[in-house]
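Step one of this worksheet: look at the structure below.
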Amino acid sequence: MFSTLEKIKELAQKQGISLQKVAKDLGYSINYLYTLKEKTPKSDRLQQIADYFNVSTDYLLGRTNNPTIAGRGSEPDDIDEIIENAMMFDGKPLTDDDKRAIRGIIAGYMSSKEN
């Protein structure tokens, strides 16, 4: 079973904030967040949490690995942003070597388009 709490923990850690701060900022008790280990939040609370982290509700529910909210500036600004947010097919982060290889492939492709 997927835990919304695990996704919240991951997002909080990426932003360098504690679960206590998340709970306080949202006006929830820390105990409420821990209940999300076993249950799915109601839609209004799910949306509040998604808005707080600027991710989609589907991402919080584990329905997608893409945190981007459709239609809300979902186009990345540059190739570095795309690469930094990219994941391997198995969901693991790319290594620095993988990122360098991807940059090289894209640079080669863009160079060939210019000729």
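Miscellaneous remarks
- Close pairs (7 angstrom Cβ cut-off, 6 or more residues apart or separate chains): closer than 19 Å to Asp51 by Cβ in segment 1-20, at pLDDT 90 or above and of a type in the set (Ser, Thr, Tyr) anywhere: Leu5/Tyr34; Ala12/Ser18
- Take the conditions (1) out of contact with any helix residue (DSSP H, G or I) (no Cβ under 7 Å at 6 or more places or on another chain); (2) in a loop (DSSP other than H, G, I, E, B); (3) farther than 25 Å from Glu81 by Cβ; Thr68 misses just one of them, which is (3).
This table checks each residue for (1) modelled with pLDDT of 90 or more; (2) of a type in the set (A, V, I, L, M); (3) under 15 Å from the mean Cα position of the chain (by Cα); (4) in a helix (DSSP H, G or I).
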{"site": "Lys24", "(1), (2), (3), (4)": "yes, no, no, yes"}
{"site": "Tyr28", "(1), (2), (3), (4)": "yes, no, no, no"}
{"site": "Tyr34", "(1), (2), (3), (4)": "yes, no, no, yes"}
{"site": "Lys37", "(1), (2), (3), (4)": "yes, no, no, no"}
{"site": "Thr40", "(1), (2), (3), (4)": "no, no, no, no"}
{"site": "Gln47", "(1), (2), (3), (4)": "yes, no, yes, yes"}
{"site": "Arg72", "(1), (2), (3), (4)": "no, no, yes, no"}
{"site": "Glu75", "(1), (2), (3), (4)": "no, no, yes, no"}
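The values are calculated or read from the model by the stated rules, or taken from the named source; none is laboratory data. Please read these numbers as outputs of a predicted model, since none were measured by experiment. Glycine also receives a Cβ, built like all others from the backbone with ideal geometry; neighbour counts cover every protein chain displayed.
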